[in-house]
1. Quick one: count up the residues across region 48-67 that are surrounded by 21 or more Cβ atoms within 10 Å (Cβ to Cβ) and farther than 23 Å from T103 by Cα.
2. Among the residues that make up region 3-26, is at least one of them under 23 Å from the mean Cα position of the chain (by Cα) and among the polar types (S, T, N, Q)?
3. For V55, work out the one condition from (1) within 14 Å of the chain's Cα centre (by Cα); (2) outside any helix (DSSP H, G or I) it doesn't fulfil.
4. Need a quick list: helices (runs of 4 or more DSSP H) entirely within region 58-168 having at least 2 residues that are within 30 Å of R36 (Cα to Cα), without any contact (Cβ under 8 Å) to a residue 40 or more places away in the chain and of a type outside the set (A, V, I, L, M).
5. Which of the residues spanning region 77-107 are within 10 Å of ligand 2 (Cβ to nearest atom) and not aliphatic (A, V, I, L, M)?
6. Report, by residue number, each residue of region 1-22 that is touching a residue at least 60 places away in the same chain (Cβ under 8 Å) and surrounded by fewer than 17 Cβ atoms within 10 Å (Cβ to Cβ).
7. Yes or no: region 128-142 includes at least one residue that is under 21 Å from A81 (Cβ atoms) and at pLDDT 80 or above.
Amino acid sequence: MTWFVKAFLKSSLAWLALGVTFGVAMAAHPVWTVYRLAHVHMMLLGFVTMMIYGVAYHVIPHFVGFRLHRPALAGAHWWIANAGLLLMACGFVARVLEPAVGTVILASGGALSALGAYLFVYLIWRTIDGPARLRQASERAARAVERSATQGSRTLTVVAMQSSARHA
Ligand code: HEM
Ligand code: HEM
(Lines give C-alpha, C1' and ligand atoms only; values in the text may rest on other atoms or scores of the structure.)
(Ligands and ions follow the chains in the order given, each with its own letter.)
Protein backbone atom coordinates (compact mmCIF):
# COMPACT_ATOMS: atom_id res chain seq x y z
CA MET A 1 0.00 0.00 0.00
CA THR A 2 1.46 3.37 -1.01
CA TRP A 3 1.96 6.15 1.57
CA PHE A 4 -0.76 8.33 0.08
CA VAL A 5 -3.37 5.52 0.20
CA LYS A 6 -2.66 5.02 3.92
CA ALA A 7 -2.60 8.80 4.42
CA PHE A 8 -6.00 9.24 2.71
CA LEU A 9 -7.51 6.41 4.83
CA LYS A 10 -6.07 7.82 8.05
CA SER A 11 -7.02 11.41 7.27
CA SER A 12 -10.55 10.21 6.46
CA LEU A 13 -10.69 8.61 9.93
CA ALA A 14 -9.27 11.74 11.54
CA TRP A 15 -11.92 13.91 9.80
CA LEU A 16 -14.61 11.46 10.99
CA ALA A 17 -13.41 11.81 14.58
CA LEU A 18 -13.25 15.61 14.30
CA GLY A 19 -16.60 15.80 12.50
CA VAL A 20 -18.58 13.71 14.97
CA THR A 21 -17.04 15.70 17.84
CA PHE A 22 -18.24 18.86 16.12
CA GLY A 23 -21.66 17.17 15.63
CA VAL A 24 -21.97 16.26 19.30
CA ALA A 25 -20.91 19.80 20.25
CA MET A 26 -23.69 21.21 18.02
CA ALA A 27 -26.19 18.71 19.41
CA ALA A 28 -25.31 19.68 22.96
CA HIS A 29 -25.11 23.40 22.29
CA PRO A 30 -27.65 24.25 19.54
CA VAL A 31 -26.38 27.82 19.11
CA TRP A 32 -23.29 26.30 17.45
CA THR A 33 -25.41 24.92 14.58
CA VAL A 34 -24.47 28.21 12.85
CA TYR A 35 -21.20 26.34 12.12
CA ARG A 36 -23.13 23.41 10.61
CA LEU A 37 -21.38 23.79 7.23
CA ALA A 38 -17.99 23.04 8.79
CA HIS A 39 -19.42 19.79 10.23
CA VAL A 40 -21.07 18.91 6.88
CA HIS A 41 -17.80 19.25 4.95
CA MET A 42 -15.67 17.50 7.58
CA MET A 43 -18.09 14.59 7.18
CA LEU A 44 -18.75 14.59 3.45
CA LEU A 45 -15.47 15.96 2.01
CA GLY A 46 -13.33 14.74 4.91
CA PHE A 47 -14.63 11.34 5.96
CA VAL A 48 -16.61 10.16 2.91
CA THR A 49 -14.65 11.65 -0.01
CA MET A 50 -11.16 11.01 1.43
CA MET A 51 -12.10 7.39 2.18
CA ILE A 52 -13.22 7.09 -1.47
CA TYR A 53 -9.99 8.74 -2.73
CA GLY A 54 -7.84 6.32 -0.69
CA VAL A 55 -9.78 3.18 -1.58
CA ALA A 56 -10.00 4.17 -5.26
CA TYR A 57 -6.24 4.87 -5.58
CA HIS A 58 -5.59 1.39 -4.19
CA VAL A 59 -8.33 -0.66 -5.82
CA ILE A 60 -8.93 0.82 -9.29
CA PRO A 61 -5.43 -0.02 -10.62
CA HIS A 62 -6.09 -3.65 -9.56
CA PHE A 63 -9.52 -3.63 -11.23
CA VAL A 64 -8.23 -2.37 -14.57
CA GLY A 65 -4.85 -4.14 -14.50
CA PHE A 66 -2.78 -0.97 -15.09
CA ARG A 67 -0.49 0.92 -12.70
CA LEU A 68 -1.83 4.12 -11.18
CA HIS A 69 -1.09 7.01 -13.56
CA ARG A 70 1.50 9.50 -12.12
CA PRO A 71 1.48 8.36 -8.43
CA ALA A 72 3.49 11.46 -7.42
CA LEU A 73 0.46 13.57 -8.35
CA ALA A 74 -1.75 11.39 -6.12
CA GLY A 75 0.66 12.19 -3.26
CA ALA A 76 0.33 15.90 -4.07
CA HIS A 77 -3.45 15.41 -4.10
CA TRP A 78 -3.35 14.29 -0.45
CA TRP A 79 -1.65 17.54 0.62
CA ILE A 80 -3.93 19.69 -1.54
CA ALA A 81 -7.12 17.93 -0.35
CA ASN A 82 -6.25 18.19 3.34
CA ALA A 83 -4.96 21.76 3.21
CA GLY A 84 -8.06 22.68 1.19
CA LEU A 85 -10.51 21.11 3.63
CA LEU A 86 -8.75 22.57 6.65
CA LEU A 87 -9.06 26.04 5.08
CA MET A 88 -12.69 25.34 4.15
CA ALA A 89 -13.61 24.27 7.69
CA CYS A 90 -11.89 27.38 9.12
CA GLY A 91 -13.55 29.49 6.42
CA PHE A 92 -17.05 28.22 7.25
CA VAL A 93 -16.50 29.08 10.91
CA ALA A 94 -14.84 32.43 10.14
CA ARG A 95 -17.65 33.37 7.73
CA VAL A 96 -20.09 33.40 10.64
CA LEU A 97 -17.84 35.62 12.75
CA GLU A 98 -16.22 37.81 10.09
CA PRO A 99 -17.93 37.31 6.70
CA ALA A 100 -15.38 39.15 4.51
CA VAL A 101 -12.35 37.29 5.93
CA GLY A 102 -14.29 34.01 6.11
CA THR A 103 -15.22 34.20 2.44
CA VAL A 104 -11.59 34.66 1.37
CA ILE A 105 -10.46 31.67 3.48
CA LEU A 106 -13.40 29.56 2.29
CA ALA A 107 -12.85 30.43 -1.35
CA SER A 108 -9.11 29.53 -1.14
CA GLY A 109 -9.90 26.26 0.62
CA GLY A 110 -12.69 25.55 -1.86
CA ALA A 111 -10.37 26.21 -4.82
CA LEU A 112 -7.76 23.81 -3.37
CA SER A 113 -10.40 21.14 -2.66
CA ALA A 114 -11.74 21.48 -6.19
CA LEU A 115 -8.20 21.28 -7.62
CA GLY A 116 -7.73 18.05 -5.63
CA ALA A 117 -10.96 16.64 -7.04
CA TYR A 118 -9.91 17.54 -10.62
CA LEU A 119 -6.55 15.81 -10.03
CA PHE A 120 -8.39 12.70 -8.82
CA VAL A 121 -10.66 12.71 -11.89
CA TYR A 122 -7.65 13.06 -14.20
CA LEU A 123 -5.52 10.38 -12.49
CA ILE A 124 -8.27 7.78 -12.24
CA TRP A 125 -9.44 8.49 -15.81
CA ARG A 126 -5.92 7.98 -17.18
CA THR A 127 -5.46 4.88 -15.01
CA ILE A 128 -8.63 3.32 -16.43
CA ASP A 129 -7.39 4.01 -19.99
CA GLY A 130 -3.92 2.60 -19.23
CA PRO A 131 -0.57 3.75 -20.70
CA ALA A 132 -0.93 5.07 -24.29
CA ARG A 133 1.60 2.57 -25.73
CA LEU A 134 -0.17 -0.41 -24.15
CA ARG A 135 -3.54 0.92 -25.29
CA GLN A 136 -2.37 1.27 -28.92
CA ALA A 137 -0.74 -2.18 -28.82
CA SER A 138 -3.91 -3.81 -27.46
CA GLU A 139 -6.04 -2.01 -30.07
CA ARG A 140 -3.66 -3.25 -32.83
CA ALA A 141 -3.83 -6.80 -31.41
CA ALA A 142 -7.64 -6.67 -31.28
CA ARG A 143 -7.79 -5.49 -34.92
CA ALA A 144 -5.39 -8.27 -35.95
CA VAL A 145 -7.51 -10.91 -34.18
CA GLU A 146 -10.62 -9.52 -35.86
CA ARG A 147 -8.92 -9.56 -39.30
CA SER A 148 -7.67 -13.11 -38.89
CA ALA A 149 -11.11 -14.25 -37.67
CA THR A 150 -12.76 -12.68 -40.76
CA GLN A 151 -10.14 -14.18 -43.09
CA GLY A 152 -10.49 -17.56 -41.34
CA SER A 153 -14.26 -17.61 -41.79
CA ARG A 154 -13.88 -16.58 -45.46
CA THR A 155 -11.42 -19.46 -46.02
CA LEU A 156 -13.80 -21.87 -44.27
CA THR A 157 -16.70 -20.73 -46.50
CA VAL A 158 -14.60 -21.22 -49.69
CA VAL A 159 -13.47 -24.69 -48.53
CA ALA A 160 -17.04 -25.65 -47.66
CA MET A 161 -18.31 -24.43 -51.06
CA GLN A 162 -15.54 -26.32 -52.92
CA SER A 163 -16.25 -29.52 -51.02
CA SER A 164 -20.02 -29.30 -51.55
CA ALA A 165 -19.37 -28.63 -55.30
CA ARG A 166 -17.16 -31.74 -55.42
CA HIS A 167 -19.87 -33.91 -53.80
CA ALA A 168 -22.68 -32.53 -55.96
C1 HEM B 1 -21.96 11.57 16.19
C2 HEM B 1 -22.42 11.78 15.00
C3 HEM B 1 -23.08 13.04 14.54
C4 HEM B 1 -23.70 14.04 15.25
C5 HEM B 1 -23.88 14.15 16.76
C6 HEM B 1 -24.20 15.00 14.29
C7 HEM B 1 -24.87 16.16 14.61
C8 HEM B 1 -25.37 17.06 13.72
C9 HEM B 1 -26.08 18.28 14.06
C10 HEM B 1 -26.37 18.75 15.50
C11 HEM B 1 -26.40 18.90 12.92
C12 HEM B 1 -27.09 20.25 12.77
C13 HEM B 1 -28.56 20.10 12.63
C14 HEM B 1 -29.20 21.47 12.61
O15 HEM B 1 -28.92 22.27 11.68
O16 HEM B 1 -29.96 21.76 13.52
C17 HEM B 1 -25.91 18.08 11.84
C18 HEM B 1 -26.04 18.39 10.50
C19 HEM B 1 -25.58 17.60 9.48
N20 HEM B 1 -24.81 16.45 9.61
FE21 HEM B 1 -24.30 15.57 11.31
N22 HEM B 1 -23.88 14.59 13.04
C23 HEM B 1 -23.20 13.39 13.14
C24 HEM B 1 -22.69 12.63 12.11
C25 HEM B 1 -22.83 12.93 10.78
C26 HEM B 1 -22.32 12.11 9.70
C27 HEM B 1 -21.58 10.78 9.90
C28 HEM B 1 -22.63 12.74 8.56
C29 HEM B 1 -22.33 12.35 7.14
C30 HEM B 1 -21.48 11.43 6.76
C31 HEM B 1 -23.35 13.95 8.90
C32 HEM B 1 -23.84 14.85 8.01
C33 HEM B 1 -24.56 15.97 8.35
C34 HEM B 1 -25.16 16.86 7.37
C35 HEM B 1 -25.11 16.71 5.85
C36 HEM B 1 -25.80 17.88 8.08
C37 HEM B 1 -26.52 19.08 7.52
C38 HEM B 1 -27.96 18.76 7.35
C39 HEM B 1 -28.67 20.02 6.83
O40 HEM B 1 -28.41 20.44 5.72
O41 HEM B 1 -29.44 20.58 7.61
N42 HEM B 1 -23.43 14.04 10.27
N43 HEM B 1 -25.28 16.98 12.35
C1 HEM C 1 -14.61 21.80 -3.66
C2 HEM C 1 -15.41 21.25 -2.79
C3 HEM C 1 -16.59 21.92 -2.18
C4 HEM C 1 -16.86 23.24 -1.97
C5 HEM C 1 -15.97 24.42 -2.31
C6 HEM C 1 -18.15 23.33 -1.33
C7 HEM C 1 -18.75 24.52 -0.95
C8 HEM C 1 -19.97 24.60 -0.33
C9 HEM C 1 -20.57 25.81 0.15
C10 HEM C 1 -19.91 27.22 0.04
C11 HEM C 1 -21.74 25.49 0.71
C12 HEM C 1 -22.67 26.41 1.49
C13 HEM C 1 -23.57 27.22 0.70
C14 HEM C 1 -24.32 28.10 1.73
O15 HEM C 1 -23.75 29.12 2.11
O16 HEM C 1 -25.39 27.70 2.13
C17 HEM C 1 -21.94 24.08 0.60
C18 HEM C 1 -23.00 23.36 1.07
C19 HEM C 1 -23.11 22.01 1.03
N20 HEM C 1 -22.19 21.12 0.53
FE21 HEM C 1 -20.42 21.60 -0.27
N22 HEM C 1 -18.65 22.07 -1.15
C23 HEM C 1 -17.74 21.18 -1.66
C24 HEM C 1 -17.84 19.81 -1.70
C25 HEM C 1 -18.92 19.10 -1.23
C26 HEM C 1 -19.03 17.66 -1.29
C27 HEM C 1 -17.98 16.74 -1.92
C28 HEM C 1 -20.21 17.34 -0.70
C29 HEM C 1 -20.82 15.99 -0.48
C30 HEM C 1 -20.24 14.84 -0.76
C31 HEM C 1 -20.85 18.58 -0.29
C32 HEM C 1 -22.05 18.67 0.34
C33 HEM C 1 -22.67 19.84 0.69
C34 HEM C 1 -23.98 19.90 1.34
C35 HEM C 1 -24.86 18.71 1.70
C36 HEM C 1 -24.25 21.26 1.54
C37 HEM C 1 -25.50 21.86 2.17
C38 HEM C 1 -25.36 21.83 3.65
C39 HEM C 1 -26.47 22.58 4.36
O40 HEM C 1 -27.01 23.58 3.81
O41 HEM C 1 -26.77 22.18 5.48
N42 HEM C 1 -20.02 19.62 -0.61
N43 HEM C 1 -20.82 23.56 -0.04
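The values are calculated or read from the model by the stated rules, or taken from the named source; none is laboratory data. In this text, all values refer to a predicted model and were calculated from it rather than measured experimentally. Counting neighbours? That spans all protein chains shown, and the Cβs are built from the backbone with ideal geometry, glycine included.
1. Initial filter on region 48-67 (surrounded by 21 or more Cβ atoms within 10 Å (Cβ to Cβ)): 49-50, 53-54, 57.
From what is left, the residues that are farther than 23 Å from T103 by Cα are 50, 53-54, 57.
The total comes to 4.
2. Looking for residues that are under 23 Å from the mean Cα position of the chain (by Cα) and among the polar types (S, T, N, Q), one finds at least one in region 3-26, hence yes.
3. Going through the list (1) within 14 Å of the chain's Cα centre (by Cα); (2) outside any helix (DSSP H, G or I), V55 breaks only (2).
4. On the way: elements: 71-97, 99-129, 132-167.
Of the helices (runs of 4 or more DSSP H) lying wholly inside region 58-168, those with at least 2 residues that are within 30 Å of R36 (Cα to Cα), without any contact (Cβ under 8 Å) to a residue 40 or more places away in the chain and of a type outside the set (A, V, I, L, M) span 71-97, 99-129.
5. G84, G91, F92, R95, T103
6. Within region 1-22, T2, W3 qualify.
7. The initial filter retains those residues of region 128-142 that are under 21 Å from A81 (Cβ atoms), namely 128.
Pick out the ones that are also at pLDDT 80 or above and you get 128.
Yes, the conditions are met somewhere in region 128-142.
So that you can scan it fast, the table gives a plain yes or no per residue for (1) touching a Leu at 6+ places or on another chain (Cβ under 9 Å); (2) over 18 Å from T127 (Cβ atoms); (3) within 15 Å of ligand 2 (Cβ to nearest atom):
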{"site": "M1", "(1), (2), (3)": "yes, no, no"}
{"site": "K6", "(1), (2), (3)": "no, yes, no"}
{"site": "V40", "(1), (2), (3)": "no, yes, yes"}
{"site": "G65", "(1), (2), (3)": "no, no, no"}
{"site": "P71", "(1), (2), (3)": "yes, no, no"}
